[in-house]
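Here the structure comes first, spelled out in structure tokens, and everything after it is commentary.
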Amino acid sequence: MAREHHYEAHLVWTGAAQGPTSDYEAYSRDLRAEVEGKPPIEGSSDPGFRGDPSRYNPEDLLVVSLSACHMLSYLHLCA
């Protein structure tokens with residue numbers, strides 16, 4: 001029997017409070033990722049794309065998710 005997994009997240013552009021996207025250099029890249037029942041993740045774009053270096057960026061989170069998947073799969077095999 002196949003199992004189904006459903007995931008839901010909500011992304012909020014928190015940078016909108018600092019003004020509209022009038023031009024590439026002017027708008028904030030700050031965001032917040034929300035998943036019900038979990039702490040929010042404050043993020044931004046990579047600093048190379050004018051993001052906040054103190055926040056997670058999508059590239060960081062992709063590497064983390066791939067690393068976690070690899071680690072958990074290895075632990076499953078070891079068990």
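The values are calculated or read from the model by the stated rules, or taken from the named source; none is laboratory data. Quantities reported herein were computed from a predicted structural model and do not represent experimental measurements. All Cβ positions, even for glycine, are placed from backbone atoms using ideal geometry, and neighbour counts span all protein chains on display. The accessibility values were calculated without ligands, DNA or RNA, using every heavy atom of the protein model including side chains. Shrake-Rupley method; radii C 1.70, N 1.55, O 1.52, S 1.80 Å.
Just a few scattered comments:
- Test: residue 55 is basic (Lys, Arg), surrounded by 12 or more Cβ atoms within 10 Å (Cβ to Cβ) and more than 25 Å from residue 8 (Cα to Cα): no
- Tabulated pairs, segment 57-79, first in a helix (DSSP H, G or I), second modelled with pLDDT of 95 or more and of a type in the set (Val, Ile, Thr), C-beta under 8 angstrom, 6+ apart or interchain: 61/41
- Residue check for residue 16: assigned to a strand (DSSP E or B) and open to solvent by less than 60 Å² (accessible area, probe 1.4 Å): no
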